[in-house]
Structures are given as structure tokens and as C-alpha cells.
1. Among 82, 17, 43, which one shows the highest mean-square fluctuation when the chain is modelled as a Gaussian network with alpha-carbon springs under 10 Å?
2. Quick one: work out Rg over Rh on the C-alpha atoms of the chain, Rh as Kirkwood radius.
3. Which FRET efficiency value, to the nearest 0.05, do you get for residue 76 and residue 107 by plugging their Cβ-Cβ distance into 1/(1 + (r/R0)^6) with R0 = 25 Å?
4. Taking residue 88 as the anchor, which lysines have their alpha carbon closer than 19 Å to its alpha carbon, excluding any fewer than eight residues away along the same chain?
5. How high is the relative contact order of the stretch 13-120, in percent, counting Cα pairs under 8 Å that sit 6 or more residues apart?
6. At most 15 other Cβ atoms within 10 Å and a DSSP loop assignment: could you name the chymotrypsin sites (Phe, Trp or Tyr not before Pro) in the stretch 1-110 that fit?
7. Would you mind computing, in nm to one decimal, how far apart the modelled labels at residue 90 and residue 68 are, each placed 7 Å from Cα along Cα→Cβ?
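Coordinate-derived values only; no laboratory data. All values derive from a computational prediction rather than experimental measurement. Counting neighbours? That spans all protein chains shown, and the Cβs are built from the backbone with ideal geometry, glycine included.
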Amino acid sequence: VQLQAFGGGLVQRGGSLRLSCVVSGRTSSTFSTYAMAWFRQALGREREFVAVIRRSAGITYADSVKDRFAISRDNAKNTVYLQMNSLKPEDTAVYYCSADRSGYYSSGDAMDYWGKGTLVTVSS
């Protein structure tokens, strides 16, 4: 299974970006059963959880992005999205999408598949 994230770029403070992550490969037909999550890693910092959408469609956000970011999925397109609004310089990071075959979410260490990431830079 391959995950490819798109949509990163440079944006000013207060701006918006939408990230997409497409899942492909021999087991991608079971995309709807995966929990899909976004993580991010800023330069010199540890990876941190951003948001997850479970197979049940249950959603959880990190407190730092709640009310600004929205995660969604299109099972017909094997794609998960992250709509990011009201961006701040502290949102600058490489954003990674990941998949959990169980359909639930426990932690980043338990995720089964990872994409290569897309860089988001928010200027002040």
C-alpha cells in the first residue's frame, strides 16, 4: 500500500490550504476500513498527531488545530483530506498521512502505513 500526500506549499498567516492523501496498491480496495490520520513534524521537533478519521467516521483533533482544521475522507477515491484554515507560523511542518488497518486509532507508533509527507510553510 502506498500513500501519497499532496497540497503543501507556502501560505501567509491566516491563509488556508487543503492537503490530500491518495492511497493506492493491492490492498487499497479496503481503504474504507482504515483509520486515516495526519501527523506533522516541524524542524527539530518530534512528530505530533494532528487529526484522525476512523472507519466509523469518528474524528479526533489535536487541541492545537481544533476549530481550524477539518479532516474528511472520500472512500470512492481512496483519499483523505485535511482542510487547514486560519494557518499560523507554528503550523509550519512536514505533514504526513498514515493508515491503520484496524480502522481504529491508538497511537502514531501503531500506524501501519505512512506517506512521504508534504511541506507546509506559513509565513508571518
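1. Comparing 82, 17, 43 in the GNM, the peak value goes to 43.
2. Values: Rg = 13.5 Å, Rh = 14.2 Å.
A ratio of 0.95.
3. 0.30
4. Here the lysines satisfying the reach criterion relative to residue 88 are 66.
5. Rounded, it is 34 percent for the stretch 13-120.
6. Working: sites: 6, 31, 34, 38, 39, 49, 61, 69, 81, 95, 96, 104, 105; in loops: 34, 104, 105.
Answer by residue number: 104.
7. Spacing of the two 7 Å Cα→Cβ label points: 0.8 nm.
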